[in-house]
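A.B. asks: Got a structure here, written out as structure tokens. Questions coming.
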Amino acid sequence: HARDFGEPGRSATMLTLDTYRIHHSGRRGDIATWHHGELEIAFIAFSPTRFSYLLNDIPAAEEQVAQLVSAYDIVIVSFHGGAEGRDATRLPFEEEFYLGETRGEVVRFAHRVIDAGADLVLGHGPHVPRAMELYGDRLIAYSLGNFATHFGVSVDGMAGWAPILSAEIDSNGKFLSGRIYSALQQRPDGPRWDVQSRAFELIRMLTEESFGRDMFAFGADGSFSPRLNRPP
């Protein structure tokens, strides 16, 4: 939603993030890079939005990710895609639309950028949480919903369930373990912790529904890790 107020709005957002030393990507040519110990990391974001790295042009996305893979140790991909609203929690495994706009084929996109070398894929756009997947030992979170939502977008029901994902990967990008911390958005105070862990429970249910119970071992505290005996 950085372009809800046009390119000047996106420019202002980027300037604010720069002021607080927060890395960002989104506008074409804007790729975040930083060092973590001896590792060099790149972060690139895709969306259906004009002047962005395009979610719907998968061959171009593969090429852009492959170029980063050749220069960086870890490549993280973010995408804004998929249908929107409380009916959009489940992955359709096909191209999605919202208000007449194509919102990408997010499963195929995520798989292809990982095939091109990406190490972690983080999705958002539906305004509700979605399933996670382990593909080629790489983690995909298909939607982390909303977190800090100002007025203009609903935070009622599942739209207010705000998951925070912590993911541990090794120096080669292989997913080791993770945890989902569940929060709730409240206006005007912002997010607070959810003692019922609703975001985590929803993501667990959707993941097992879409990909079976053999992919991750989930803990009651929001933790999850690959099952040792999971099928290839």
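The values are calculated or read from the model by the stated rules, or taken from the named source; none is laboratory data. These numbers were taken from a predicted model, which means no experiment stands behind them. Cβ placement follows ideal geometry from the backbone for every residue including glycine, while neighbour counts extend to all protein chains displayed. For the accessible areas, the whole protein counts, side chains as well, though only heavy atoms, and no ligand, DNA or RNA atoms are used. Shrake-Rupley method; radii C 1.70, N 1.55, O 1.52, S 1.80 Å.
A.B. asks: Taking the residues in region 188-206 that are open to solvent by 60 Å² or more (accessible area, probe 1.4 Å) and part of a loop (DSSP other than H, G, I, E, B) as candidates, determine which candidate is nearest to A131 (Cα to Cα).
C.D. replies: Q196
Each row is one residue, and each column tells you yes or no for (1) modelled with pLDDT of 95 or more; (2) not aliphatic (A, V, I, L, M).
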| residue | (1), (2) |
| --- | --- |
| M158 | no, no |
| F175 | yes, yes |
| P188 | no, yes |
| S197 | yes, yes |
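A.B. asks: Among the residues of region 1-30, how many are more than 21 Å from A83 (Cα to Cα) and under 16 Å from the mean Cα position of the chain (by Cα)?
C.D. replies: Number satisfying all stated conditions: 3.
A.B. asks: Sticking with this one: Go through region 221-230 and give me each residue that's assigned to a loop (DSSP other than H, G, I, E, B) and either basic (K, R) or at pLDDT 95 or above (or both). It would help to see each step written out before you state the result.
C.D. replies: Taking region 221-230 as the starting set, the residues that turn out to be assigned to a loop (DSSP other than H, G, I, E, B) are 221-222, 227-230.
Residues satisfying the conditions are D221, G222, R227, R230.
A.B. asks: Where in region 82-187 are the strands (runs of 3 or more DSSP E), entirely inside, with at least 1 residues that are open to solvent by less than 20 Å² (accessible area, probe 1.4 Å) and in contact with an Asp or Glu (Cβ under 6 Å, 6 or more places away or on another chain)?
C.D. replies: Working: elements: 120-124, 132-135, 138-141, 161-169, 175-186.
Per the criteria, 138-141, 175-186.
A.B. asks: Of everything in region 18-41, what is under 24 Å from L55 (Cβ atoms), of a type outside the set (D, E) and either open to solvent by less than 50 Å² (accessible area, probe 1.4 Å) or in a strand (DSSP E or B) (or both)? Give them in sequence order.
C.D. replies: Looking only at region 18-41, we keep the residues that are under 24 Å from L55 (Cβ atoms), and these are 22-34, 41.
Checking the rest, the ones that are also of a type outside the set (D, E) come to 22-29, 31-34, 41.
Scanning region 18-41 gives H24, S25, G26, R27, A32, T33, W34, I41.
A.B. asks: Look through F79, F46 and report the one residue that is in contact (Cβ under 8 Å) with a residue 60 or more places away in the chain, surrounded by 13 or more Cβ atoms within 10 Å (Cβ to Cβ) and either assigned to a strand (DSSP E or B) or basic (K, R) (or both).
C.D. replies: Details: F79 fails: in contact (Cβ under 8 Å) with a residue 60 or more places away in the chain.
When all the criteria are applied, what remains is F46.
A.B. asks: Just to be sure I understand, how many residues within region 60-76 are outside any helix (DSSP H, G or I) and of a type outside the set (S, T, N, Q)?
C.D. replies: Looking only at region 60-76, we keep the residues that are outside any helix (DSSP H, G or I), and these are 70-76.
If we keep only those that are of a type outside the set (S, T, N, Q) as well, we get 71-76.
Of the residues in that region, 6 qualify.
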